[in-house]
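*Asks:* Here you go, one structure.
The values are calculated or read from the model by the stated rules, or taken from the named source; none is laboratory data. The structure presented is a predicted model; accordingly, all values stated were derived computationally and were not measured. Because the Cβ atoms are built from the backbone with ideal geometry, glycine has one as well, and the counts that use them run over all protein chains shown.
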């Protein structure tokens, strides 16, 4: 059994795994408390309801990422450099916490909106990145478009990278018998930056009068 001080954290950890695998409706309070090593009334005692625990689970996955993105955005460096650092952070964080993208996709695929704590964290991430993008647009480094939509597109790539990338058998093993997986993170970074960069005019292009 978990002790009184560790039980809330254990329930959140259990929720991140079980809600990510089975969704909100597919996860019972009994399964949550069993995995957390807590008694059946622990969810109500510590969180008030299963729904409140679910909100806490989503927030626990997004708040550290929001803090990391905010820290990167405040660093010196060009806008494209900071966007790159954000993408690398997202790829690393989501790879280390695979329950987070699963939870987000399950929630967004449903009929209900994100709970307020998670929505606040996600909006903070998107708005912070949009500010960096807008900074790049002001210098001509990033192409003209809605900064919020560009930020949303940028953030979608690391999520897709973590959810969808599965190497094929041929990519898992090369002819020499050694592992041969492409560097998906590098591809994700380059893909994002290529989509943001201001297009250069073709060589030899001139303005017709």
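*Asks:* Tell me yes or no: at least one residue of the range 67-75 is assigned by TED's automatic domain parsing to the domain that holds residue 120, exposed (fewer than 13 other Cβ atoms within 10 Å of the Cβ) and part of a loop (DSSP other than H, G, I, E, B).
*Replies:* Checked against the condition, which is being assigned by TED's automatic domain parsing to the domain that holds residue 120, exposed (fewer than 13 other Cβ atoms within 10 Å of the Cβ) and part of a loop (DSSP other than H, G, I, E, B), the range 67-75 yields at least one hit.
*Asks:* So for the range 34-41 (the condition being farther than 22 Å from residue 98 by Cβ and part of a helix (DSSP H, G or I)), does at least one residue qualify?
*Replies:* no
*Asks:* Now a separate question. Exactly one of these conditions fails for residue 114: (1) assigned to a helix (DSSP H, G or I); (2) surrounded by 15 or more Cβ atoms within 10 Å (Cβ to Cβ); (3) assigned by TED's automatic domain parsing to the domain that holds residue 183. Give me its number.
*Replies:* (1)
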